[in-house]
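Taken together, the values in this text are just the output of simple stated rules run on the coordinates, not laboratory data. Note that this is a predicted model, so its numbers are computed, not measured. Counting neighbours? That spans all protein chains shown, and the Cβs are built from the backbone with ideal geometry, glycine included.
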Amino acid sequence: MLVREISMAPPGRVILGRAIGRVVESSPRMKGAGVVERAWLNVPFSEKDEAKAHGAWWDREAKRWYDPRPVTAHLQRWAPLPELPDLLPGEDRSFGSGLFVDLVPQTCWFSNVRTCVIERDWERVRRMIRRRAEHRCEACGAEEDRSVRRWLEGHERWSYDDRTGVQTLRRLVCLCSPCHLATHMGYASITGRTQEAQAHLRRVTGMTSRELFRHIDRAGQLWIERSAWTWDLDLRILTSAGVTVCSPPAPDQRAHQAEQVLDQVRHST
């Protein structure tokens with residue numbers, strides 16, 4: 001698909017780019033004195049029970065499904081796609097470093113990478129984010145620890161062009177769940193976890209109380225300004241790597257959808 005000029009993209013449209021050759025990465029697993037190649041599967045979370053019923057097994061260490069008796073015909077619908085490269089085309093790994101409050105404009109709520117990427121491809125994106133971060137949070141260095149409910153999660157770093165109304169994905173970053181919560185301070189407030197998020201942000205950054213509240217206030221003011229726009233999403237660093245994206249909700253539907261999801265969050269906390 002040809003790269004499209006950003007200025008020509010209609011409102012609310014996801015801007016695509018040209019796909020390049022995909023990079024394949026093997027996933028060796030040590031067993032005894034030799035190296036065993038798993039017959040990995042690409043199973044979306046929503047289809048895990050079905051894959052298990054057809055004979056797929058779960059590898060806890062790799063956090064991935066595999067075919068224990070390859071090739072199993074009923075499991076071929078989940079045959080693995082090539083792994084993504086550690087650096088996506090056009091990605092800036094230095095953009096948005098560190099931990100800070102990064103509020104998504106209200107007009108873009110719930111139109112993030114995970115909701116715009118088909119579920120099967122999201123598994124590839126998630127694995128790449130964790131792998132290149134060496135399974136550590138890129139903000140505080142923490143590893144995943146299920147005993148304290150600390151997970152590693154993918155987060156987007158966006159740039160916003162007020163002239164064109166385009167929100168461009170610049171980088172994907174691996175954050176632990178406490179850092180992710182601190183980044184989404186608005187969500188922390190809605191779910192009653194503001195103090196927890198603020199305490200973690202201070203602990204990681206070394207901010208004083210005054211610096212913390214000044215930082216949050218500036219982020220809130222920027223959020224108000226950006227929420228007045230309806231942004232187009234530029235996801236070319238994904239589509240250029242062969243990731244399939246689907247269109248986000250239309251601009252006039254986003255606010256309604258966001259309110260529905262927020263209602264569910266409020267009632268579950």
Order of 171-181, 92-102, 53-63 by packing, highest average Cβ count within 10 Å first? 171-181, 92-102, 53-63
Identify, among TRP122, LEU99, PRO89, the residue whose Cα sits farthest towards the positive end of the charge dipole of the stretch 57-150, taking +1 on the Cβ of Lys and Arg and -1 on the Cβ of Asp and Glu, with the dipole about the Cα centre. TRP122
Under the classification rounded if a/c is under 1.5, otherwise prolate if a/b is larger than b/c and oblate if not, where does the stretch 81-238 fall, given a ≥ b ≥ c as square roots of the Cα gyration tensor eigenvalues? oblate
Dipole of the stretch 175-237, positive direction: furthest Cα of THR230, SER209, LEU175, with charges on the beta-carbon: SER209
With only Lys, Arg, Asp and Glu charged, each at its Cβ (+1 for the first two, -1 for the last two), find how big the charge dipole of the stretch 38-167 is about the Cα centre; round to the nearest 20 debye. 460 debye
Using a/c under 1.5 as the rounded threshold, could you call the stretch 196-244 rounded, prolate or oblate? The axes a ≥ b ≥ c are square roots of the C-alpha gyration tensor eigenvalues, and prolate needs a/b larger than b/c, oblate otherwise. oblate
In terms of the Cα gyration tensor, with a ≥ b ≥ c the square roots of its eigenvalues, is the stretch 39-143 rounded because a/c is under 1.5, prolate because a/b exceeds b/c, or oblate? prolate
Determine the gain in length on full extension of the stretch GLU134-ILE224; use 0.36 nm per residue of separation and subtract their C-alpha separation, reporting nm with one decimal. 28.8 nm
Which net charge results for the neighbourhood of ARG127, defined as the other residues with beta-carbon distances under 9 angstrom from its beta-carbon, given Lys and Arg at +1 and Asp and Glu at -1? +4
